[in-house]
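As structure tokens, the structure follows; a few thoughts come after it.
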Amino acid sequence: MTNPAYQTLSVAAILKESAERTPDAIAIEVGGEEISYSRLWDETRAYAGGLRARGVGPGHAVAMLVPNVADFPRVYYAILSLGAIVVPVHALLKADEIEFVLRDSGSRILVCAAPLLEQGAWGAVQAGVPVFSVLSPEPSEGIPQLEALAADAEPIDTYVPRSPLDTATILYTSGTTGRPKGAEGSHFSLVEQANTLLLNTFDLRSDDTILGCLPLFHTFGQTCTLNTGFRVGAKLVLLPRFTGDVALRALIDSECTVIMGVPTMYIALLEAAKHTDERPKLRYAVSGGASLPVAVIERFKEEFGVEIYEGYGLTETSPVASFNHVGREPRAGSIGQAIWGVDVEIAKSDLEESIELLPVDELGEIVIRGHNLMSGYLNRDDESDKAVVDGWFRTGDLGTKDADGYLWIVDRKKDMILRNGYNVYPREVEEVISRHPDVASVAVFGVAHEVHGQEVMACVVLSGDATVEPQALVEWTKEKVAAYKYPRRVEIVESLPLGPSGKVLKRELVAKYETAESENVESPAQV
């Protein structure tokens, strides 16, 4: 007979414990207002009381559509405190997409910030889910204010303990290959992730001030900034909306010591730095979410005097799987070594039904196993079985691992370009183009071609007031890579399409320019 599990755990303990240990320390600064840990926990307990009065309890899924404001942690930890499951909704989704998330997750309630009610409320109506608002200056007809419910209800005393493997969050993937899938994160995987990151992975301290520019509805911001920052008792400066100029101003004015961001954010900060001589007092920078060009790392160190430590992970891995650990010199371009208790290896990418690991320095698919893995995709056993084979999570990313255990991403399997039978990895070409002094950011991708199978193309955002002809960038790249790799077409664009987490949406570029090709739109850089 198997013994029952007596252990209990809750992600909500992260806020509660810090509130008890350092009650007067500042947890959040947003819009010039500072909120202490004790006050934030009291407000969270009140929100939880309001939700409990409306029937929310253990195991219930509750969706939240809230930007980077103080109500995000209030609602997030309030739901978790009740033993319920948090379903964060991407703030840029439209009503039909929100409806899908609510239906698929089985959410009983949507807590929606007033500025997002237009899409949120309509999505909830379509799904038949009641809506509670936050940040509403006036009551909306048929939409109760959570603040009012909290004021009328009895606050909870403390959080409801859960089994460590109970689901804490359902985070939806971007759905690049079809309908989004809900990755289930357990209380254990999320708490252990924060503990592992603090023990010997990140360089975070209780007296740090962290710029919270990553969207908290996304796994990177939610785990690495919010949960890990609160676990150590640091101060979090929230930005409801990111721009390079606003972020740089916040870094300076709030005296931030730590920033966590995605590559597009670091590129935007470098552009913003051209408008002022003031610099923040940063001592530590973390990048993830996508590959960061080495040229950007070098420019950022020169401009801001701080190294960027790069890591790697996915929604399905809580998210961090590897990192350039604290106490070790970061290797520019590497995603570091596996974090404690997690195995990251390279496997044959063409084997679907089994995992066959490859030796050092061989190219293959990055696979992961460890305490950080999701419990599976909600209601998608078939997808879960495809994703986790022989106990290893298949990432879909191609890379290598060297003799020191450092990992190097080459590219996404699905982003690899096949030109005349030769493999072209966009990241390699992006690294070359990004070194051009007038280039701010670049995306390289493949478009269908009737002769070559696929053709290499690049969209480039120029730096500041720079003016460069597309053909000049073609020639720049042609001199530095093999003949089959350089882009035959370069387009200068004002911006690249970004997803909610700041990743470049290459699928949108492919769709746009393949359509243009089919309509025989000529480019001055067609070679």
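Taken together, the residues in region 433-474 that are among the polar types (S, T, N, Q), in a strand (DSSP E or B) and under 28 Å from the mean Cα position of the chain (by Cα) amount to 1. Evaluated against (1) in a helix (DSSP H, G or I); (2) more than 27 Å from the chain's Cα centre (by Cα), Tyr484 falls short on exactly one condition, (1). Taking the condition touching a residue at least 60 places away in the same chain (Cβ under 8 Å), closer than 27 Å to Ala61 by Cβ and in contact with a helix residue (DSSP H, G or I) (Cβ under 7 Å, 6 or more places away or on another chain), does Gly185 pass? For Gly185, the condition - touching a residue at least 60 places away in the same chain (Cβ under 8 Å), closer than 27 Å to Ala61 by Cβ and in contact with a helix residue (DSSP H, G or I) (Cβ under 7 Å, 6 or more places away or on another chain) - is not met.
The condition of being in the same structural domain as Arg74 (by TED's automatic domain parsing), closer than 30 Å to Gln7 by Cα and more than 17 Å from the chain's Cα centre (by Cα) holds for Ile156. For region 94-104, the candidate set comprises residues that are buried (at least 20 other Cβ atoms within 10 Å of the Cβ) and under 20 Å from the mean Cα position of the chain (by Cα); within that set, the residue that is farthest from Gln145 (Cα to Cα) is Val101. A single entry from Leu398, Leu373 fulfils the requirement of being assigned to a loop (DSSP other than H, G, I, E, B), in contact with a helix residue (DSSP H, G or I) (Cβ under 7 Å, 6 or more places away or on another chain) and buried (at least 18 other Cβ atoms within 10 Å of the Cβ): Leu373.
Considering the conditions (1) touching a Lys or Arg at 6+ places or on another chain (Cβ under 7 Å); (2) not in a strand (DSSP E or B), Val62 is excluded by exactly one of them, (2).
Examine region 251-261 for a residue that is among the polar types (S, T, N, Q), over 23 Å from Glu34 (Cα atoms) and surrounded by fewer than 23 Cβ atoms within 10 Å (Cβ to Cβ), and state whether such a residue exists. The answer is no, given that none of the residues of region 251-261 is among the polar types (S, T, N, Q), over 23 Å from Glu34 (Cα atoms) and surrounded by fewer than 23 Cβ atoms within 10 Å (Cβ to Cβ). Checked against (1) surrounded by fewer than 16 Cβ atoms within 10 Å (Cβ to Cβ); (2) touching a residue at least 24 places away in the same chain (Cβ under 8 Å), Val389 meets all criteria but (1).
Remark: pairs (first residue in region 467-486, closer than 19 Å to Val410 by Cβ; second residue charged (D, E, K, R) and part of a helix (DSSP H, G or I); Cβ separation under 8 Å; 6+ apart in sequence or on different chains) = Val481/Glu428; Lys485/Glu428; Tyr486/Lys478. Let me confirm something: among Ala63, Ala70, Ala13, which residue is more than 17 Å from Ala84 (Cα to Cα), under 26 Å from the mean Cα position of the chain (by Cα), surrounded by 19 or more Cβ atoms within 10 Å (Cβ to Cβ) and touching a residue at least 24 places away in the same chain (Cβ under 8 Å)? Every option except Ala70 fails the conditions. Of all residues in region 137-151, none are surrounded by 16 or more Cβ atoms within 10 Å (Cβ to Cβ), part of a loop (DSSP other than H, G, I, E, B) and of a type in the set (A, V, I, L, M).
Scanning region 193-251 for residues that are more than 21 Å from Leu269 (Cα to Cα), outside any helix (DSSP H, G or I) and not charged (D, E, K, R) returns Phe202, Leu204, Ser206, Phe217, Gly233, Ala234. Note on region 178-205: among residues that are basic (Lys, Arg) and surrounded by fewer than 23 Cβ atoms within 10 Å (Cβ to Cβ), the one that is nearest to Glu316 (Cα to Cα) is Arg179.
The values are calculated or read from the model by the stated rules, or taken from the named source; none is laboratory data. Note that the structure is a prediction, hence the values are computed from the model and not measured. Virtual Cβ from ideal backbone geometry, glycine too; neighbours counted across all protein chains shown.
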